[in-house]
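Quick note: the coordinates plus some simple rules give every number you see, no bench work behind them. Every value quoted in this text rests on a predicted model; they were computed, and no experiment measured them. Note that each Cβ is placed from the backbone with ideal geometry, even for glycine, and that neighbours are counted across all protein chains shown.
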Amino acid sequence: MKIRPGNHQHIGTRKEQQDAFAFSDLSDAAFVRHAGMLALLADGMGGLKEGGEASRLAIRAFLESYARKTPEETIDEALDRSLREANDAVHTFAAARDLVGNCGTTLVAAVVHKSGVYWTSAGDSRLYMTDGQSLTPLTEDHIYARKLEKAVEKGILDEKDALSHPEREALTSYIGDEEIAIVGKGSLAGSPEGLPGNGFMLLLCTDGLYKTLSEEKMLEVYSPDPGKWARTLVDTAVSENIPSQDNITVLCLAAGDPAPRRRRPAPRKKTVAIIAVVAILLLLAGGVLWRLSSRTDPEMPTGMAVQEETGTASSDQPGPHQPPTEEESPTPPEKPAQQEKTLPEPSKSDSVVSSKEQVRLPAKEKMSLSSFSPQETHRKGERG
C-alpha cells in the first residue's frame, strides 16, 4: 500500500504560530504493518495563555504514546489511549502554572492502515476525505453552535437568535481540561484500495482554512499530489487577504492512487438542439390544452355567474347580490395576547455537552437569547 504525506502552513496575520502537527515514521515497516500511518494536527487556543505551547505539547505526547502501540492493541484503542495521555500532559502543564481552564488546544488524529481509516478528535479542527470528486467531512465541530441547533430543532429557540448568538463558536471540548468533555471517533473499515476508487486523500485542517475557503473552493483546487494540494489550499486562503486571518495548517495523506479531479464535459451542440426542440413542443402542447380548457361550457347559459360556497347556508345571510349591512357585519374575535416565556439560566454543568448528554429543555417553550450563555465553554477569540 502506497501512502504519501504532504503539509503546508501559514501564520496568517497573527503574531505567533500556535498550530502544531506531526506524522508517524513511515520508514518503520514493521510498525506500519500493525499501526498504519498517523497524521495529527493541533490548534492552540490563542485567546488563552500558552496556546502555542499547549498544541506542541499535545502533539508530542500523542505521537510518543501512539509509538508504543503493540500488535495486540487495536488502532482504535491506541488512538483513545494516546488522546487521553495528550490531555493529561496538557492538563498537568496548565495545573503547574495555575492555568487550568485557561490553557488548551484542539486535536484531530487520523490513521491510514491496510484495514481501513481510523480517527479521533476534540475541538473544531477537521478531517475530510475526498476521491477528487466530492469532499466528505468525517468529524464534527465541538462548538456551542451544535447545542443551539438542537434547541432550534426542538422549537424553543429562533433560528435567527441561534445564528447571532455571541458564544456560538465557543469550544465545548478541547485538550487540557481535567477530562475531555466530548471525544469524536470513527472508522471506515475495508482496505484503502476498497475505499473511493483506486485510492483517496485525507485532509486535516485548522479553522484558519475552512473559515476562509468554502468546501467547494477546497475541492476546486484539488490535486492528487498531497504536497501540491496542501500548498495550493494554504496559498489560496492567504490570497483572500482576510484582515484577521488565523493561523492556517493543512495536512494531506494520500492512500493508493487518488484520481485527478474530473471536470464535467460541456453539453454538445446536438444535445442542446434536442433540448430546445423538446421545449418548443412542450410549449405548443401547453398552449393547445389551455385553449381547449378555456372554452365556455355549452350546457351553461351565457352570463350565468357561478358562486362558490365558503360556509354553511343560513336563512339570516344576505342574498348573493346584497352586501351585509353595517349591523350585520361580523366582528372578528380578538386574539389573546401572547405571553413570552423564557427559560431559567442554564446550570454550569449544562454549558458543556457530553457525547451522551441530551439537551434538557422544556418542550414548546420559546427561549430567549439570554438563556443560552455557556458558563464553561471557551471562546476561541484569538485562536491560533
Problem set entry | Chain lengthening between GLU179 and LYS150 when straightened (0.36 nm per residue, less Cα-Cα) | 8.1 nm
For this session: Would you please give the residues with an amide H less than 5 Å from that of THR105, counting only those at least 5 places away or on a separate chain, with H modeled from the backbone geometry?
Result: MET45, ILE175
Exercise. If you take the beta carbon distance between GLU85 and SER214 as r and set R0 to 56 Å, what does 1/(1 + (r/R0)^6) give as a FRET efficiency, to the nearest 0.05?
Worked result: 0.95
Exercise. Ranked highest first by average number of other Cβ atoms within 10 Å, how do 67-78, 129-140 line up?
Worked result: 129-140, 67-78
Seminar exercise, completed: Two pseudo-spin positions, 7 Å from Cα along C-beta at LYS15 and at LYS160, lie apart in nanometres by 4.0
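Per 0.36 nm of contour for each residue apart, how much would the distance between SER239 and ARG60 grow if the chain were fully extended, relative to their Cα-Cα spacing?
61.3 nm
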For this session: Please report, largest first and rounded to whole Å, the three semi-axes of the ellipsoid equivalent to region 97-239, where each semi-axis is the square root of five times an eigenvalue of the C-alpha gyration tensor.
Result: 29, 19, 17
Exercise. Taking the highest mean first, how do the peptides 101-107, 240-246, 226-232 order by number of other beta carbon atoms within 10 angstrom per residue?
Worked result: 101-107, 226-232, 240-246
Exercise. Could you give me the ³J(HN,Hα) list for region 73-81, computed from phi with Karplus coefficients 6.51, -1.76, 1.60 and θ = phi - 60°, whole Hz, x at Gly and Pro?
Worked result: 8, 6, 5, 4, 5, 5, 5, 5, 4
